Amino acid sequence: MSEPAVALVERARAHLAAAAAPLTPHAVAEALRGAGPVGHDTVLAVHARLVRDVEGAGPLQGLLATPGVTDVLVNGSSGVYLDRGSGLERAEVHLPDEESVRRLAQRLASLGGRRLDDASPCVDLRLPDGTRLHAVLAPVARPGTTISLRLPPRRPFSLPELMAAGHAPPQMERLLTALVAARAAFLVTGGTGTGKTTVLATLLGLVPPTERIVVVEDAAELAPAHPHVVSLEARPANLEGSGALPLHTLVRQALRMRPDRIVVGEVRIPAGVSRAPDRKLPSSREARHSSGETPRRDAFQTGNSRA
């Protein structure tokens with residue numbers, strides 16, 4: 001379906017807003033009635049564009065729907081970049097000016113139930129579809145508002161799949177399997193984008209189905225292939241400075257939930273580790289990562305697991 005004319009989109013947008021009409025194909029057809037002969041395909045194209053702009057990620061929606069894409073980054077109006085798992089590449093998407101980038105960032109933040117303005121110029125949240133959003137408004141961000149979108153993993157990988165992809169020698173598979181079976185405490189560490197979340201989710205898939213896993217994260221990302229997983233997600237303070245639920249508080253709550261395994265994810269500062277209780281923690285990620293359909297080779301090479 002080709003992109004509709006901008007004038008038709010804006011005409012429909014203005015009419016629907018003025019009439020407080022629902023965003024349906026019929027309402028769009030009514031809005032375009034005075035624009036001359038408009039075919040059914042054009043009505044559907046205008047409707048799809050409005051849905052994308054109102055409910056999705058606007059001009060970035062197509063990139064997010066592209067198979068294999070793990071990250072979409074916006075550097076103000078100067079460029080949009082994407083990552084398919086092998087490094088950044090410039091996307092053929094253009095946001096015309098700083099105001100359009102700012103509006104998009106604020107609308108995405110509102111979809112996640114958060115406020116983004118000059119008083120609170122930074123936001124880090126999870127969108128309803130699981131995509132991770134981080135945004136910083138200008139002038140805090142230079143040369144313009146930045147948007148970072150990281151897609152959730154489309155599916156967990158099995159340990160044999162990671163080994164078959166050449167991520168580690170065969171003896172590593174036996175070691176990791178034994179590590180999980182022994183209920184040992186260990187860390188999965190590494191730089192940004194090295195596959196820590198992928199590895200950790202894979203290892204949690206080895207936990208026996210008779211055990212209960214409680215995951216504590218700054219932002220919920222882990223989705224292991226396991227039948228009994230409960231996730232607790234940290235929450236920042238509101239504008240009045242109250243209501244925060246930090247990681248260490250949730251770890252204490254997790255202890256009351258009859259866990260067989262507690263997983264502390266995304267420990268970004270030493271305090272996150274020092275405040276954790278003296279209890280075996282099956283894993284702790286020191287930084288975040290989400291994978292697309294292709295697991296990365298450097299997860300085992302740059303990261304390290306320690307019992």
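Give me, ordered by chain and number, the residues 5 or more places off residue 77 or on other chains with an amide H under 5 Å from its own placed amide H.
Here the answer is none, since no amide H 5 or more places off falls under 5 Å of that of residue 77.
Which length gain, in nm to one decimal place, applies between residue 44 and residue 256 when the Cα-Cα distance is subtracted from 0.36 nm times their residue separation? Could you put the intermediate results ahead of the total?
Numbers: separation 212, 0.36 × 212 = 76.32 nm, distance 5.17 nm.
Result: 71.2 nm gained on full extension.
Computed over the Cα atoms, what is the radius of gyration of region 135-203 divided by 2.2 N^0.38 Å, N being its residue count? Present the calculation step by step, with values, prior to reporting the outcome.
Working: Rg = 17.3 Å, N = 69, 2.2 N^0.38 = 11.0 Å.
Rg over 2.2 N^0.38 Å, computed on Cα atoms: 1.57.
Would you please report the Å³ per residue occupied by the convex hull of the alpha carbon atoms in region 23-103? Please report the intermediate quantities before stating the final value.
Working: hull volume 9.5 nm³, N = 81.
For region 23-103, the hull spanned by Cα atoms encloses 118 Å³ per residue.
Running Debye on region 59-150 with equal point scatterers at the Cα sites and no solvent, what base-10 log of I(q)/I(0) appears at q = 0.19 Å⁻¹?
For region 59-150, the Cα-only Debye profile gives -0.83.
Note down the nm distance, to one decimal, between modelled labels 7 Å out along Cα→Cβ at residue 238 and at residue 24.
3.5
Readers should treat all values here as calculations from the given coordinates under stated rules, not as data from a laboratory. As the structure is a computational prediction, the values presented were derived from the model and not from experiment. Every residue, glycine as well, gets a Cβ built from its backbone with ideal geometry; the counts of neighbours run over all protein chains shown.
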